[in-house]
1. Name the residue, out of V188, V150, V174, V196, that is under 17 Å from the mean Cα position of the chain (by Cα), of a type in the set (A, V, I, L, M) and not in a loop (DSSP other than H, G, I, E, B).
2. Could you figure out which of (1) surrounded by 24 or more Cβ atoms within 10 Å (Cβ to Cβ); (2) in contact (Cβ under 8 Å) with a residue 60 or more places away in the chain isn't true of M58?
3. Of the residues C100, C141, only one is of a type in the set (A, V, I, L, M, F, W, C) and touching a strand residue (DSSP E or B) at 6+ places or on another chain (Cβ under 8 Å); which?
4. Does the stretch 101-117 include one or more residues that are away from ligand 1 (no atom under 16 Å from the Cβ), modelled with pLDDT of 95 or more and touching a Pro at 6+ places or on another chain (Cβ under 6 Å)?
5. Can you find even one residue in the stretch 46-60 that is over 24 Å from V239 (Cα atoms), away from ligand 1 (no atom under 13 Å from the Cβ) and assigned to a loop (DSSP other than H, G, I, E, B)?
6. Give the residues of the stretch 75-89 that are more than 17 Å from M289 (Cα to Cα) and either within 16 Å of ligand 2 (Cβ to nearest atom) or not in a helix (DSSP H, G or I) (or both), sorted by residue number.
7. Looking only at the stretch 128-141, count how many residues are touching a residue at least 60 places away in the same chain (Cβ under 8 Å), among the polar types (S, T, N, Q) and either under 19 Å from A98 (Cα atoms) or surrounded by fewer than 24 Cβ atoms within 10 Å (Cβ to Cβ) (or both).
8. So is I72 more than 16 Å from ligand 2 (Cβ to nearest atom) and touching a Leu at 6+ places or on another chain (Cβ under 8 Å) or not?
Amino acid sequence: MEPGTGRVNACLQFVPMHALIDEIRTLKARRHAAILAHNYQRPEIQDLADVVADSLQMARQASAIDAPVLVICGVHFMAETAAIANPDKTVLIPEPGAGCSLAETIQAADVRRWRVEHPDGVVVSYVNTSAAVKAESDYCCTSGNAVAVVNALPRDVPILFLPDFFLGQYLKRVTGRDLDVWLGECHVHAGLTREVLDARRAEEPDAEFLVHPECGCVTSAMYYAEAEGDVAAGRTRIVSTEQMMTRARTSPARRFVVATETGVLHRLRRENPEKEFIAAAEGAECRYMKMITLENLRDSLRDLKHAVTVPADTAARARRAIDRMLAIG
Ligand code: 13P
Ligand code: SF4
């Protein structure tokens, strides 16, 4: 098989890639479905999607799009969020095993324990959490609006931010608020350490750095962004994946080092063909995001699987936190 021209399906039958793509388009039209893909998805999935975005825009578009069937090409919490906000739509995920190592670091019982110690406290959950954790939370946020959400909270109340430690440290510094921060991390972003960032800075002294706030290097990146006289002062941005798209478009820089999952490079390059984008680490791949393939997307549309639903009482409690997230920032 020539690279990029065909696929081998589960029965080891050769299926040309263009035939698979045609099949997906036909099934999508027949089902009146919309495909929403995260910025980390495989290039061929992004190219087929109606929406390619960060977690915040995916959640907003899930409600805005007028389609009875939404296929979420992302990880499970993204499909759950879409299902909670859109109980009248059929929400599908092509591979139900597409989880999130960060979301796994906290359970609903952990949040309840914190509340016992802080009865007047406010809980802010990153969207990378299960529906059960969201149901125990007051607010949800994404990397795209976390600063705005924390800034909107009343002063003088204890606040728990969960579950990402690095994003929590970033929020403490930017908002000046004293947050309790859960000790969770994403295995992909935690690996993007200060050492990785420093090595890239030495190799690429003229590039602009786009750093996701879940990265292990985020504290150093903040320091470099602000330090007077640092070579990269003003050329280091701590941004969500969608904000990376906006910054790449508007920045005068021609060359960028991108510290996040490498799937984001496809859209950055496609939308900015005259600019150059370099991965901070080529190995920064989310194996869960990459579980979505053309084959299981086709199967999902053909067989209407795998439907993602959330028990009504959990969904009702989680919806409050999600609605607040959608309203801010
Ligand atoms: P964004 O919301 O910035 O797209 O990030 C989602 C995510 O899972 C980061 O790992
Ligand atoms: Fe979760 Fe990390 Fe994958 Fe994002 S990159 S979905 S935080 S495991």
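The values are calculated or read from the model by the stated rules, or taken from the named source; none is laboratory data. What you see is a predicted model, and the numbers here were worked out from it, not measured in a lab. Cβ atoms come from the backbone with ideal geometry, glycine included; neighbour counts cover every protein chain shown.
1. V188
2. Going through (1) surrounded by 24 or more Cβ atoms within 10 Å (Cβ to Cβ); (2) in contact (Cβ under 8 Å) with a residue 60 or more places away in the chain one by one, M58 breaks only (2).
3. C141 is the lone residue from the list that is of a type in the set (A, V, I, L, M, F, W, C) and touching a strand residue (DSSP E or B) at 6+ places or on another chain (Cβ under 8 Å).
4. The answer is no; no qualifying residue exists.
5. No, the conditions are met nowhere in the stretch 46-60.
6. N86, P87, D88, K89
7. The total comes to 1.
8. For I72, the condition - more than 16 Å from ligand 2 (Cβ to nearest atom) and touching a Leu at 6+ places or on another chain (Cβ under 8 Å) - is not met.
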